[in-house]
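The values are calculated or read from the model by the stated rules, or taken from the named source; none is laboratory data. Predicted model only: the values in this text are computed from it and were never measured. FYI the Cβ positions are ideal-geometry reconstructions off the backbone, even for glycines, and counts take in every protein chain you see.
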Amino acid sequence: MVLICLVQYNYLVRVVFPINSKDLWGSLAKTKKQSFIDAEKRMLEDSFSAPINSDVYYKNFDYATEYVGWFYDDSSERKYEQRKFLQPSPNDSSLRQGDYIHWGNHTWICLGMDTQYDYKLQGMIYQCLDYTMNWIDENGFHSFPFYSESKVLRDPLSDGRAIPIVEDTMEAYVQKNEETISIFENLRFAFGARTIFQVIQNIDYYIDNTIKLVLKKDEARPEDDFVNHIAMNTNIEIPIEPTNTNGIVGIQKQLIGKVLVDGVEDISKTLTWSSSDTNIATVNLSGLLTFVSIGTCSITANYNGVINSIIVECISVPILDIEYILSPSTNKITVGENIDFNVEKYIDGILTPTVFSVVDLTLATGYVFTQTGDNVFNIKNIEDDNLDIVLEFSEGVNTFEKTYRLRMW
């Protein structure tokens, strides 16, 4: 008997896959902190995808572009109603200091930014006052929202009741842009029913995209406008001539407007014209007025928000000189004659295209009447030696008649 032993040998085979430097670096760079950041970013994106968790807002008076963000209060126990925190949706890096934020029926201004993580920017926004900063300079009318905190002092002579005294200075913050950079020292602003503040310092260099203004109370002047909240700084006037005008339908009149800066005409400035009712009167870019129908409306000249208006009245419809001319001019047609006629309409001596229909009202024998085309007709006298025929010409609601004599000779 032969005993055969089978011996099985097991070999350990190690397969090595090559790894490139990018994969190696990625495995090392994926720290716990980065993993936490990635997870937080994904959670934020998921949360913002649900509209119930976020609000829509607009920026810088552009109401056509919507943004989505979180609005929340400070985590401290003391709440500050005029301040909120805004966190835009992840990966939206467009928010910056100085931006005006339109949310919650108010306008806010962003005065601080936390940019530690680009996927979760945080802006500190402050609610602007109900008043706007309005001023007029050589470039026209300007109006911007602003934020200001009331400064309050305590009366040192009070008996402990801490009676507040409002300080006569104010700090205001506005966005830095092409218009607000024209706010200069000594510029005056009107607030409330009788309060004037004057700029004593313009600080436009240490807060990004923002101007800080330091203002001090000033005396009101008779020419200050507290209805429109415009303090008198630069005086711009727009006289219009004639100041009051009327006309009839179809008549045109030239209006002349000027821009006076502190009493001196500036011919480099351009006016825009408009009508409050173009069904009554229209006005073109150069101030040419055209009366359209009976009624009254106002015509306004505008220089960058500084306006002046006049009242114009269209008092009647013009009496037009309307003439109907038939050619040839003869009204006698003898036996055997065959004549083609044409009718035309003239208004105030000007040929006006129109269409007439011609009808024979006589309807007798001995002649033939035919309308051969628009405004063209033919009369052929076959044998009538003493007959008057009447033709009626109609143009819409307007009609007239013409008599032709049929004779022997």
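Data for the structure
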item	result
Residue list for the range 284-304, filter: closer than 30 Å to I230 by Cβ and either touching a Lys or Arg at 6+ places or on another chain (Cβ under 7 Å) or outside any strand (DSSP E or B) (or both)	N284, L285, S286, G287, L289, Y303, N304
Residue in the range 56-77 that is modelled with pLDDT of 70 or more, assigned to a strand (DSSP E or B) and among the acidic types (D, E) present	yes
The range 102-138, subset among the charged types (D, E, K, R) and either without any contact (Cβ under 8 Å) to a residue 12 or more places away in the chain or not assigned by TED's automatic domain parsing to the domain that holds T195 (or both), residue surrounded by the most Cβ atoms within 10 Å (Cβ to Cβ)	K120
Options I319, I307, I311; residue that is loosely packed, with under 14 Cβ neighbours inside 10 Å and outside any loop (DSSP other than H, G, I, E, B)	I311
Residue match in the range 139-146 (condition: among the hydrophobic types (A, V, I, L, M, F, W, C), in contact with a strand residue (DSSP E or B) (Cβ under 7 Å, 6 or more places away or on another chain), in the same structural domain as L187 (by TED's automatic domain parsing) and assigned to a loop (DSSP other than H, G, I, E, B))	yes
Filter result (in a loop (DSSP other than H, G, I, E, B) and either under 13 Å from I240 (Cβ atoms) or touching a helix residue (DSSP H, G or I) at 6+ places or on another chain (Cβ under 7 Å) (or both)) within the range 271-283	L271
Listing of strands (runs of 3 or more DSSP E) fully contained in the range 179-270 that carry 1 or more residues being of a type in the set (A, V, I, L, M), surrounded by 12 or more Cβ atoms within 10 Å (Cβ to Cβ) and without any contact (Cβ under 8 Å) to a residue 12 or more places away in the chain	195-203
